[in-house]
Amino acid sequence: MEIKLDVNAVIEHFGGITPLHEKFVQNGIDISRKAIEKWKERDSIPTTGWLYIVNIADAEGTFDMLKKTAIVKTGSLSKATLKSKKDIHKYSSKELIKFYSEMLRIRRFEEKAGQLYGMGLIGGFCHLYIGQEAIAVGMQAVMKEGDGIITTYRDHGLMLSSGSDPKVIYAELMGRSDGCSKGKGGSMHMFDTEKHFYGGHGIVGAPVPLGTGIAFANKYRGNDNVCMTYFGDGAANQGQVYEAFNMAALWKLPVLYIIENNEYAMGTSVKRSSFTTELYHRGESMGIPGKRVDGMDIFEVINAGREALEYIRSGKGPLILEMKTYRYRGHSMSDPAKYRSKEEVEAMKENRDPIDNLRKLIIEEKHASEEQVKAVEKAIREEMEAAVEFAKNSPEPDAGELWTDITV
Ligand SMILES: Cc1ncc(C[n+]2csc(CCOP(=O)(O)OP(=O)(O)O)c2C)c(N)n1
Ligand SMILES: [Mg+2]
């Protein structure tokens with residue numbers, strides 16, 4: 001890999017030496033202001049410094065801009081692997097394969113859901129989670145039995161990660177009687193109380209007060225469960241979010257707010273919709289601490305998630321994690337995604353894919369052979385094929401079901 005850098009252009013890209021240094025500090029990177037001044041003097045940045053810069057630009061969604069300013073003149077970059085590499089030794093081969101297979105299960109599940117939608121077997125809205133898998137699986141790795149999840153309509157991946165059966169989720173998507181809501185809810189209204197998965201909500205922002213309410217119930221009952229309350233970057237501008245933040249902070253509720261910042265709300269980028277784009281600061285006026293996390297790197301998600309849950313379980317109240325991520329597909333199945341370039345999507349897939357990057361590391365670090373990984377992949381393919389078959393054979397609900405489970 002050969003990279004030619006224009007040091008001044010890099011520093012300028014981040015607004016100067018001081019803002020660049022501040023970004024290092026915010027990201028927990030130990031590089032002094034003096035070191036940056038030295039880079040400028042010598043007109044060169046060492047490889048580690050460069051990789052940190054790429055990671056920051058990535059997390060900010062400005063990597064493409066960095067590339068366009070011709071700072072990167074040659075070479076292809078493997079970025080996420082750097083941060084991950086230092087953490088891989090913390091895990092056993094078994095754990096690493098589990099992370100990999102759980103992320104891949106979500107990816108394969110969603111790809112099949114997309115195909116079934118195209119074939120007309122799934123009706124209504126359908127929002128895929130492809131690209132965001134490291135968040136669901138990383139958080140699941142640090143949660144304990146009894147912790148809950150509540151999320152938006154982009155819910156299949158989180159439901160799978162909470163242990164729900166893909167057969168039941170496919171059946172729900174296809175409107176069949178074996179679905180979790182007997183086929184009456186569909187993609188946006190998934191639920192599995194046994195697994196503490198509290199939906200699946202179609203109203204943007206709604207999971208925030210609802211998740212805060214679940215946290216209130218947990219505190220009231222005196223257990224130590226935390227509610228992972230997921231919402232998007234677009235939802236972060238909703239009024240109800242801040243009403244809920246206030247109550248959570250006031251009563252020190254055990255709630256972890258997880259903002260999945262995938263850079264777009266339907267066709268609107270964060271920069272076009274938000275005056276402040278550092279969404280993890282959004283709780284500051286109520287004393288709720290926040291942190292930005294590289295949501296494309298499962299080890300970063302695990303580290304931040306573990307720390308956050310310890311903080312919340314110790315009774316200190318709510319916390320925000322802004323997971324920087326990216327959705328590869330359109331907002332929903334009916335979105336041709338014309339608001340972003342093909343190159344932008346391809347660059348993400350090529351450089352930041354959480355699943356490919358972990359696969360590479362597992363093999364490079366000899367935690368499994370290529371054949372062993374392929375066997376895992378085959379098993380997942382078969383599991384999903386069988387789940388789809390099950391759902392296809394599940395009967396449609398009786399007409400009488402129209403009158404059940406209704407609150408009037
Ligand atoms: C209250 C409300 N307003 C508008 C919509 C329409 N809508 C559905 S999804 C969406 C975008 C939300 O984007 P974001 O919060 O970033 O989540 P993402 O879809 O990216 O996961 C909008 C505006 C809605 N469902 N509910
Ligand atoms: Mg979004």
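Determine whether segment 323-332 contains at least one residue that is in contact (Cβ under 8 Å) with a residue 12 or more places away in the chain and more than 16 Å from ligand 2 (Cβ to nearest atom).
So far as segment 323-332 goes, no, none of its residues is in contact (Cβ under 8 Å) with a residue 12 or more places away in the chain and more than 16 Å from ligand 2 (Cβ to nearest atom).
Tally time: how many residues in segment 234-247 are surrounded by 24 or more Cβ atoms within 10 Å (Cβ to Cβ) and either of a type in the set (Asp, Glu) or within 13 Å of Ile150 (Cβ to Cβ) (or both)?
Residues flagged as surrounded by 24 or more Cβ atoms within 10 Å (Cβ to Cβ) and either of a type in the set (Asp, Glu) or within 13 Å of Ile150 (Cβ to Cβ) (or both) within segment 234-247 amount to 1.
Within the set of pairs 6+ apart or on separate chains, which have a first residue in segment 23-51 that is within 14 Å of Ile11 (Cα to Cα) and acidic (Asp, Glu), a second that is modelled with pLDDT under 85 and surrounded by 14 or more Cβ atoms within 10 Å (Cβ to Cβ), and C-beta atoms under 7 Å apart?
These pairs meet every condition: Asp43/Val7.
Tally time: how many residues in segment 290-313 are among the aromatic types (Phe, Trp, Tyr) and surrounded by fewer than 19 Cβ atoms within 10 Å (Cβ to Cβ)?
1
Criterion first (in the same structural domain as Tyr129 (by TED's automatic domain parsing) and either of a type in the set (A, V, I, L, M, F, W, C) or farther than 19 Å from His201 by Cα (or both)) does Gly239 satisfy it?
No; evaluated as a whole, the condition is false for this residue.
Can you tell me which residue in segment 228-251 is farthest from ligand 2 (Cβ to nearest atom), limited to those that are in contact with a strand residue (DSSP E or B) (Cβ under 6 Å, 6 or more places away or on another chain) and free of Cβ contacts under 8 Å to residues at least 60 places away in the same chain?
Selected residue: Ala236.
Does Val301 fit the bill of being among the β-branched types (Val, Ile, Thr) and either away from ligand 1 (no atom under 13 Å from the Cβ) or under 30 Å from Arg359 (Cβ atoms) (or both)?
Considered against the rule, which asks whether it is among the β-branched types (Val, Ile, Thr) and either away from ligand 1 (no atom under 13 Å from the Cβ) or under 30 Å from Arg359 (Cβ atoms) (or both), Val301 comes out as yes.
Output the number of residues of segment 193-218 satisfying the condition of being more than 26 Å from Ala265 (Cα to Cα) and either polar (S, T, N, Q) or at pLDDT below 95 (or both).
Residues flagged as more than 26 Å from Ala265 (Cα to Cα) and either polar (S, T, N, Q) or at pLDDT below 95 (or both) within segment 193-218 amount to 2.
For segment 370-384, how many residues are without any contact (Cβ under 8 Å) to a residue 60 or more places away in the chain and within 22 Å of Gly179 (Cβ to Cβ)?
1
Return the residues of segment 120-151 that are in a loop (DSSP other than H, G, I, E, B) and either surrounded by 24 or more Cβ atoms within 10 Å (Cβ to Cβ) or not assigned by TED's automatic domain parsing to the domain that holds Met384 (or both); say none if nothing qualifies.
Leu128, Tyr129, Gly131, Gln132, Thr151
In segment 252-275, which residue that is surrounded by fewer than 22 Cβ atoms within 10 Å (Cβ to Cβ) and away from ligand 2 (no atom under 16 Å from the Cβ) is nearest to the chain's Cα centre (by Cα)?
Phe275
The values are calculated or read from the model by the stated rules, or taken from the named source; none is laboratory data. If you're wondering where the values come from, they're calculated on a predicted model, not measured in any experiment. Because the Cβ atoms are built from the backbone with ideal geometry, glycine has one as well, and the counts that use them run over all protein chains shown.
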